[in-house]
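Remarks on the structure that follows.
The values are calculated or read from the model by the stated rules, or taken from the named source; none is laboratory data. Treat the numbers as computed from the prediction; the structure is a model and nothing was measured. When we count neighbours, we look across all protein chains shown, and the Cβ atoms used for this are built from the backbone with ideal geometry, even at glycine. In case anyone asks, the SASA skips ligands and DNA or RNA and just uses the protein heavy atoms, side chains included. Shrake-Rupley method; radii C 1.70, N 1.55, O 1.52, S 1.80 Å.
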Amino acid sequence: MTPSDNTTMQNILSGDYYTNNFTLSPAAEGDTLVLNLGPQHPSTHGVLRVVVELDGEYILKAEPVLGYIHRMHEKMGEVKTYAQYLPNMGRVDYLHALAWNWAYVAAVEKLAGVAVPLRAEYIRVITCELNRISSHLLWWGAYLLDLGAFTPILYAFADREKIMDILQIVTGSRLTYCYYRFGGVSADITPDFIDMTREFVGYMRDRLPMYKTFVTENMILRGRCVDIGVLSKEMAVRYGATGPVLRGSGVAHDTRKIEPYSIYDRFDFDIPVGKNGDAMDRYDVRIAEIQESLRIIEQALATLPAGDYLNPDVPERITPPKGEVYFAVEGARGKIGIYIVSDGGIKPYRLKLRAPGFSNLHLFAELSQGTILADAVSILGSLDLVIPEIDR
Amino acid sequence: MKIMTNYSNAIKGLLGLLKGLKITGVEFFKPQLTIHYPRKEVTNLATYRGHIDLVAKEDAPLEPKCIICGKCAEVCPSACISMEMHVKGEQSFASPAECRTITVGHGIEIPFSGLRLPPAEVIERELDSFNLDYNYCSLCGLCVQICPVGSLTFSKDSYLAGTARKNFEFDLLQRLRERSRRSSQTTTAQEKR
Amino acid sequence: MMSQLLSYLSLPLVHLILSLVVILAFLGVNGIVLIYVERKVAGFIQRRPGPYEVGPWGLLQPLADALKLLSKQLVTPMGADKILFWAAPILSFAPVVICFMPMPVSPMFTGMEMNLGLILILAFTSLNVLALCLAGWSSNNKYSLLGAARAVSQSVAYEIPLLITVLAIAFQTGSLNLSEIVASQTKGIWSWNIFVQPIAFIIYIIAVTAETNRAPFDLPEAESELTAGFHTEYAGMHFGLFFLAEYSYMIVVCAVATVLFLGGWHGPFLSGPFWFILKTYALILVLMWFRWTFPRVRFDQLLNICWKWLIPLSLINLVLTALLVKIVR
């Protein structure tokens, strides 16, 4: 191979469509570095790819590239019966699977007019909030891993393991739950479950101060979070951000409060809100949300009614009438919305999933402009992205 | 003044770092949380939910409760379940080719066509095999829930492992019979003692 | 015969070669021990067992790892500068050997007594930066390049407070000979420099953590940002050499800290080398403790700490030391 061949070979091999058609930012004057963060990169938590243009270590332009784990969940909804689509919901966002479960069953219930027994609603609240805590715990560990602290993630996992043990009792699985059914849940909670949950609430309350001294008050961590990735109220709303990302910017928008679904209006809990909209605020909001979830679980356990856990009148093959429905629940990452159009058959005519991570990710392009590479990693982590949910 | 606050902040920060060191230092001496698998086992296997298994009749441990309605095969999102059956009383045909065997599951797209087997009273039938292709199963539990006679249950087979696809294609009827034979053998062995 | 052998031993060249061999053997063993200790420390802090399967208590794990690294193919990426790419790991490891020559392990046991021992060590530890720079530049990888750029600016920045604090100790002792520095600290535990110059000790520890690229200052290989930084493209024993060099530099800086601040071989009951090694490894454990506790600082913050805090502080420390030395004498 002659040297010239070598260079052409390199040209062919370096980069795909996105890197070769990446428009350099006009301010660059040609002296910049185009770098692929991902699809295999430690800080992208999966197969997200971000093409960044660097001037030194400063980011001039960042462009998320999606689709590496696209599994056609929406199309699958059109070829499966209503019940057959249930296991898909555990796999859209595997970290807060029960929220997706809930959004889907509740949408179908609303469309088909299925009543849910009160006990089932309570069980849903308890399990969903437990799942939310486990999702936030995993985020906590993974975020600190992004910032270079290796130990917290294992402490978080130790606590998360307890939640998974609890949820395993009723759901039988540890990650991709398929627990909610039309008109209730698939299994009743056991006395074991209640005892372990009570114990866990106390345990987690004792554990949170340790998290605080270990990490939240750490000077190095504060240096990596405070005033990093400041997201203004206006910008968060403009991008349609939801969840802790929006609340970190000071907008008290929580689907559980704004449009209370199920029985959330019966519980007394606050919406933690940030002030500046920086990474630290998003961090604080999530830690506070763990506490709020513990409060909700405690109240729900105290007032748990007896009764059916599943509406016995739900037909085996549910066929909602012609029409359309939208139902939103609050997931760990934001508002999960499911839109179903029914033509009266056994399958949905069209199904649309609104993943909160999708809107939250697109903030990144604007938010990371002009920051240092290390800050970009911190921002990306603070958005709490789950890539399978974004690609669906 | 500003310098003074700077310095006091720095000292506070350093003290905060020492607190962090104290936490990891204490954790260092705490017992391990790891459960070393081949040596020890986790304690929550009782609530584990593995692949499905057939449940035997109380009076006949070799026969499943299954009435071959096909609802499980129909509801399964991944078409894991299929069964072969013959019409009762017609199994004594001379050649096996003439035997009226119906297969439900993979071949016929029941979930999408909405086809259902006639009720058991109309055509009485017997199970030849109940096939589970565990490779595609997503453990949703819809089949267990829909079974009208409670003939399906979750196994506790948590250490299931294999090296080929074939290892995960089970005939549940055969499994049931082997299981009951084994358990009857052990009970008779115990009685002998 | 025996006396002849001994007289050979006293020849400078023979002595030099012998101590080089001993040091090389020690560094190899040290690397293996430190890998094991680091993984165990990490495990215990994170409440896991750490290496467990290979050998009793996983003791043979580092050997297995070393074997794996040795048996792996050495890959040179396309477009890399072959010679520099191969030279960088060797260049990274080689200077460490020399750093150990003037180390006073005990009053009787020093590789090579020299008057400028401290300067020699500082000079040769700085060579590591060159190796990292070459590694990053020659691999033809963007992550490596960024890692190398970070390594250079970080090391250059942290060289300065390091030198100034060490200079303060030298002022106080009036010598750059390491044996003499230790000898000046043998009047009981309170004569150790850690109590005489606590600020210098803190600055030294921070500076060497940055100098050896250990967390929380492990920016050149910041995993979550630059995948593996300067050694992204290295595999097999190339990577192994970088690894070995990292642990060897750790023990060099900790040994120097022992000499400068912890009274070297001085201590009751046990003989000199034991105390020396005990103190050195205790310091290494502290560095490991740091690594498994703290998040990584940001690059500009790292430089800020150096230029805004460490350098002024070390300068003040130096001036104060000079004044006190002047007054006392």
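Summary of computed values
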{"read-out": "Filtered residues of the range A:63-89 (kept if among the aromatic types (Phe, Trp, Tyr) and either at the interface with another protein chain (Cβ under 10 Å from one of its Cβ atoms) or under 24 Å from A:Tyr18 (Cβ atoms) (or both))", "value": "A:Tyr68, A:Tyr85"}
{"read-out": "Residue in the range A:105-119 that is open to solvent by less than 10 Å² (accessible area, probe 1.4 Å), at pLDDT 90 or above and touching a helix residue (DSSP H, G or I) at 6+ places or on another chain (Cβ under 6 Å) present", "value": "no"}
{"read-out": "Matching residues, the range B:170-186, being open to solvent by less than 80 Å² (accessible area, probe 1.4 Å) and under 17 Å from the mean Cα position of the chain (by Cα)", "value": "B:Phe170, B:Asp171, B:Leu172, B:Leu173, B:Arg175, B:Leu176"}
{"read-out": "Strands (runs of 3 or more DSSP E) fully within the range A:27-74 counting 1 or more residues that are outside the structural domain of A:Tyr85 (by TED's automatic domain parsing) and of a type in the set (S, T, N, Q)", "value": "A:33-37"}
{"read-out": "Tally of residues being over 24 Å from the mean Cα position of the chain (by Cα) and either within 14 Å of chain A (Cβ to nearest Cβ) or touching a residue at least 12 places away in the same chain (Cβ under 8 Å) (or both) across the range C:52-70", "value": "1"}
{"read-out": "Filter pass, C:Val14 being modelled with pLDDT of 80 or more and either away from chain A (no Cβ under 14 Å) or assigned to a helix (DSSP H, G or I) (or both)", "value": "no"}
{"read-out": "Residue that is nearest to A:Leu35 (Cα to Cα), among those in the range C:142-201 that are part of a helix (DSSP H, G or I) and among the charged types (D, E, K, R)", "value": "C:Lys142"}
{"read-out": "Filter pass, A:Ile290 being among the aliphatic types (A, V, I, L, M) and touching a residue at least 60 places away in the same chain (Cβ under 8 Å)", "value": "yes"}
{"read-out": "Residue among C:Glu246, C:Glu211, C:Glu233, C:Glu221 that is buried (at least 19 other Cβ atoms within 10 Å of the Cβ), in contact (Cβ under 8 Å) with a residue 24 or more places away in the chain and within 14 Å of another protein chain (Cβ to nearest Cβ)", "value": "C:Glu221"}
{"read-out": "Among the residues listed as B:Pro77, B:Pro61, the single one being modelled with pLDDT under 80 and in contact with a helix residue (DSSP H, G or I) (Cβ under 6 Å, 6 or more places away or on another chain)", "value": "B:Pro61"}
{"read-out": "Pairs with Cβ under 8 Å, 6+ apart, first in the range B:36-59 and among the basic types (Lys, Arg), second part of a strand (DSSP E or B)", "value": "B:Arg49/B:Phe154; B:Lys57/B:Pro64"}
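Quick grid of which residues meet (1) assigned to a helix (DSSP H, G or I); (2) surrounded by fewer than 21 Cβ atoms within 10 Å (Cβ to Cβ); (3) in contact with a Leu (Cβ under 7 Å, 6 or more places away or on another chain); (4) not hydrophobic (A, V, I, L, M, F, W, C):
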residue	(1), (2), (3), (4)
A:Phe269	no, yes, no, no
A:Val273	no, yes, no, no
A:Asp281	yes, no, no, yes
A:Ile297	yes, no, yes, no
A:Leu301	yes, yes, no, no
A:Asp308	no, yes, no, yes
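To keep it simple, each residue is scored yes or no on (1) of a type in the set (Lys, Arg); (2) open to solvent by less than 10 Å² (accessible area, probe 1.4 Å); (3) outside any helix (DSSP H, G or I).
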residue	(1), (2), (3)
A:Lys162	yes, no, no
A:Ser173	no, no, yes
A:Met204	no, yes, no
A:Leu208	no, no, no
A:Lys212	yes, no, no
A:Gly250	no, no, yes
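Yes or no, residue by residue, for (1) facing chain A (nearest Cβ under 9 Å); (2) in contact with a helix residue (DSSP H, G or I) (Cβ under 6 Å, 6 or more places away or on another chain); (3) outside any loop (DSSP other than H, G, I, E, B); (4) surrounded by fewer than 12 Cβ atoms within 10 Å (Cβ to Cβ):
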position: B:Ile11; (1), (2), (3), (4): no, no, yes, yes
position: B:Lys22; (1), (2), (3), (4): yes, no, yes, no
position: B:Val26; (1), (2), (3), (4): no, no, yes, yes
position: B:Thr34; (1), (2), (3), (4): no, no, no, no
